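The structure under discussion appears below in the form of structure tokens.
The values are calculated or read from the model by the stated rules, or taken from the named source; none is laboratory data. Being a predicted model, the structure only gives us computed values, none of them experimental. A quick note on method: Cβ atoms are made from the backbone with ideal geometry, for glycine too, and the neighbour counts reach across all protein chains shown. The accessibility values were calculated without ligands, DNA or RNA, using every heavy atom of the protein model including side chains. Shrake-Rupley method; radii C 1.70, N 1.55, O 1.52, S 1.80 Å.
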Amino acid sequence: MVEAPHTPVLLAEVMAALEPKPGQLIVDATFGAGGYTRAFLERGAEVIGFDRDPSARAYAAGLGAAARLTLVEKRFSTMTEFVGLGRADGVALDLGVSSMQLDEASRGFSLMRDGPLDMRMGGEGPTAAELVNEAPQTELARILRDYGEERQARRIAAAIVRRRGEQPFTRTLDFAALVERALGGRRGAKIHPATRVFQALRIAVNAELEELEQGLAAAEQVLKAGGRLAVVSFHSLEDRIVKTFLAERSGRVAGGSRHAPPVDKGPAPSFELIFNGARGPTDAEAAANPRARSAKLRAAVRTSAHAWRAAA
């Protein structure tokens with residue numbers, strides 16, 4: 001049993017969006033250290049939490065609410081199997097890597113702490129080390145460009161391939177130093193030069209964007225009419241997927257114009273936005289918790305329309 005080591009981001013805003021009540025069923029799709037779940041339980045709700053990271057089990061035990069909490073050690077994209085269709089009153093997703101994962105060097109997520117170059121959120125699949133040591137140079141460049149929005153992706157990929165031919169990568173700080181050298185050092189940069197590269201590898205190793213797309217579709221299926229969805233994202237790739245999903249499902253077309261010709265609106269809207277756009281942290285929260293600075297919350301209410309078919 002362990003105590004939760006951090007305060008969940010945008011907690012007040014997520015609670016306002018979901019409005020959990022006694023007896024309701026809330027899905028905490030990214031359980032982590034149980035910060036959101038704790039707040040849901042305090043409101044009297046029942047919670048089904050999802051987390052593929054085995055370490056979440058210890059945090060669940062610390063909440064002391066076994067009768068109203070079920071922890072499923074699976075990806076949140078599987079929630080339809082464990083929740084059922086149209087049963088949930090709310091679904092919360094807090095995306096990206098957790099503070100505990102960053103703080104634990106042995107997990108390999110942090111470029112500031114030395115540890116094995118792993119980055120797996122669960123225990124399955126190839127590690128980040130296997131990816132950088134084995135992937136073709138063109139594939140590495142694509143991953144860094146698409147998942148890290150790294151403008152020097154090809155340059156970094158070439159440096160990785162040159163170095164791995166002499167000595168494979170196994171440690172986080174060694175890999176971060178290689179990226180830093182490839183980019184010519186820090187030169188007064190506010191963030192470490194390898195930040196976007198580490199983000200890209202983590203996303204690729206854990207298939208995070210595919211998981212998000214599948215998880216949003218699953219949330220649409222498990223929510224009952226009037227159920228609420230709240231999603232907190234931390235970078236533009238995640239937020240773009242959430243924004244597009246909610247724009248489509250609420251009958252809005254992102255970037256549309258009133259001067260554009262009419263288009264086929266498709267299925268009936270399955271969501272109604274709770275508020276327009278995204279909400280971020282207060283100045284006080286951003287100052288107290290640096291992780292919250294880039295957080296964006298989007299939220300919507302499930303309508304009575306059928307869930308849309310997943311894209312082929």
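Here is how the numbers come out for the structure above:
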read-out	value
Candidate set: the stretch 168-177, residues that are of a type outside the set (A, V, I, L, M, F, W, C) and in a helix (DSSP H, G or I); chosen: the one least open to solvent (accessible area, probe 1.4 Å)	T172
Qualifying positions in the stretch 107-138 - small (G, A, S), in contact (Cβ under 8 Å) with a residue 40 or more places away in the chain and either surrounded by fewer than 15 Cβ atoms within 10 Å (Cβ to Cβ) or in a loop (DSSP other than H, G, I, E, B) (or both)	G108, S110, G115, G122, G123, G125
Where a residue in the stretch 199-226 is in contact (Cβ under 8 Å) with a residue 60 or more places away in the chain and surrounded by fewer than 22 Cβ atoms within 10 Å (Cβ to Cβ) and its partner, wherever it lies, is among the basic types (K, R) and assigned to a helix (DSSP H, G or I), with Cβ under 6 Å and at least six apart	none
One residue from G148, G165 being closer than 20 Å to L183 by Cα and open to solvent by 60 Å² or more (accessible area, probe 1.4 Å)	G165
Single residue of A158, A204, A141, A230 found to be modelled with pLDDT of 95 or more, within 29 Å of P281 (Cβ to Cβ), in contact with a helix residue (DSSP H, G or I) (Cβ under 8 Å, 6 or more places away or on another chain) and in a helix (DSSP H, G or I)	A204
Among the candidates L93, L131, L102, L117, residue that is modelled with pLDDT of 80 or more, closer than 25 Å to S77 by Cβ, in contact with a Ser or Thr (Cβ under 7 Å, 6 or more places away or on another chain) and not acidic (D, E)	L93
Candidate set: the stretch 264-301, residues that are touching a helix residue (DSSP H, G or I) at 6+ places or on another chain (Cβ under 7 Å) and among the basic types (K, R); chosen: the one most open to solvent (accessible area, probe 1.4 Å)	R293
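Residue-by-condition table, conditions (1) closer than 20 Å to G84 by Cβ; (2) assigned to a strand (DSSP E or B); (3) in contact with a His (Cβ under 7 Å, 6 or more places away or on another chain):
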site: V9; (1), (2), (3): no, no, no
site: M15; (1), (2), (3): no, no, no
site: I26; (1), (2), (3): yes, yes, no
site: T30; (1), (2), (3): yes, no, no
site: R38; (1), (2), (3): no, no, no
site: I48; (1), (2), (3): yes, yes, no
site: Y59; (1), (2), (3): no, no, no
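Listed here are the residues, each with its yes/no results for (1) farther than 16 Å from R52 by Cβ; (2) aliphatic (A, V, I, L, M).
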| residue | (1), (2) |
| --- | --- |
| R113 | yes, no |
| D118 | no, no |
| A135 | yes, yes |
| R145 | yes, no |
